[in-house]
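The values are calculated or read from the model by the stated rules, or taken from the named source; none is laboratory data. Keep in mind it's a predicted model, so treat the numbers as computed, not measured. So basically every Cβ, Gly included, is an ideal-geometry build from the backbone, and we count neighbours across all protein chains shown.
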Amino acid sequence: MCGRFVSASPPDEIARYFDAEGPDIDLEASFNVAPTNDIYAVTEDGGIRKVEAFHWGLVPSWAKDPKIGSKMINARAEGIATKNAYRAAFKRRRCIIPVDGFYEWQKIEGQKRKQPHYIRNPNDEPLAFAGLWEVWRPKREKVEGDAAPPTTTEADESPLRSATIITTTPNETMAKIHDRMPVILPASKWAEWLDPANDDVETLGQLLVPAPTSIITMHPVSTEVNSVRNKGPELIDPYEPSADDDPPLL
């Protein structure tokens, strides 16, 4: 899975890298983005790419409660074209989630603690995670005995835009620490992935594969990243674990 990542690049740099229009809102740089935070995602509409802000944790349009998004920060590539929560978005609402790097926790044999690692592009360029997005609109429930149908409320005018990161099996590098990794799209596949008119789910599914090992490198980092309250750049500094470390349970 992918449960934390770094988004510290200025939005105008993200827009230039993905040849997209910049966002209408600037999110605060974070070296520890956590589920339910707002994140950037690149979308396409009418041939125009845009960097937009989304809630991290997909909330399907049919969901009764947006809290379901906290359980849908990742979507497994396996079966994504048929699962009710993802199939509509997979056909029509795909995005790229740009990150500077991400974290994963390695189980330590014979110990309760887990060692966090920071994973990034060796060239320090952004990683392009494959993602899906949705729009959820809250509805007022009909009161018993109410003759008229539910009316639009002020809440209805503020739809929730949310996104999820697609994961797949690990490449050789990631397999050393975890059994899943985000799908990282090469630049040559961005147009194909983002095109909302492309509904060839079989061909799209062929993109959801482990990235080449050359695309990522990793190093251990301090367990300070375990706390979502910590957001600073020191979190990605290399760290040498020792036997005296306290058990940093997640």
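Quick notes on this structure:
- Here segment 4-30 is the region considered, the condition is being within 18 Å of the chain's Cα centre (by Cα) and of a type in the set (D, E, K, R), and the residue that is surrounded by the most Cβ atoms within 10 Å (Cβ to Cβ) is Arg4.
- Lone unmet requirement of (1) hydroxyl-bearing (Ser, Thr, Tyr); (2) under 20 Å from Pro159 (Cα atoms); (3) under 16 Å from the mean Cα position of the chain (by Cα) for Ser61: (3)
- Residue within segment 106-113 that is out of contact with any helix residue (DSSP H, G or I) (no Cβ under 9 Å at 6 or more places or on another chain), assigned to a loop (DSSP other than H, G, I, E, B) and among the charged types (D, E, K, R) present: yes
- Scope segment 14-37; condition under 17 Å from Phe129 (Cα atoms) and acidic (Asp, Glu); matching residues: Asp19
- Members of segment 49-69 found to be surrounded by 13 or more Cβ atoms within 10 Å (Cβ to Cβ), out of contact with any Asp or Glu (no Cβ under 7 Å at 6 or more places or on another chain) and either closer than 13 Å to Arg137 by Cα or of a type in the set (Gly, Ala, Ser) (or both), listed by number: Gly57, Ala63, Pro66, Gly69
- Residue in segment 222-234 that is of a type in the set (A, V, I, L, M) and not in a helix (DSSP H, G or I) present: yes
- Residues of segment 64-95 that are more than 15 Å from the chain's Cα centre (by Cα) and of a type in the set (Lys, Arg): Lys64, Lys67, Lys83, Arg87, Lys91, Arg92.
- Across segment 31-42, not a single residue is classified as surrounded by fewer than 21 Cβ atoms within 10 Å (Cβ to Cβ), modelled with pLDDT of 95 or more and over 21 Å from Ile166 (Cβ atoms).
- Annotation note: Cβ proximity below 8 Å between a residue of segment 228-239 that is within 16 Å of Ser9 (Cβ to Cβ) and a residue that is surrounded by 12 or more Cβ atoms within 10 Å (Cβ to Cβ) and among the aromatic types (Phe, Trp, Tyr) (sequence gap 6+ or interchain) occurs for Lys231/Phe31; Gly232/Phe31; Pro233/Phe31; Leu235/Phe31; Leu235/Tyr118; Ile236/Phe31; Ile236/Tyr118.
- Single match in Glu134, Glu109 (criterion: among the acidic types (Asp, Glu) and in contact with a strand residue (DSSP E or B) (Cβ under 8 Å, 6 or more places away or on another chain)): Glu134
- Residue match in segment 59-67 (condition: of a type in the set (Phe, Trp, Tyr) and under 25 Å from Glu234 (Cα atoms)): no
- Selection from segment 171-217 of residues that are surrounded by 19 or more Cβ atoms within 10 Å (Cβ to Cβ) and farther than 23 Å from Glu125 by Cα: Leu204
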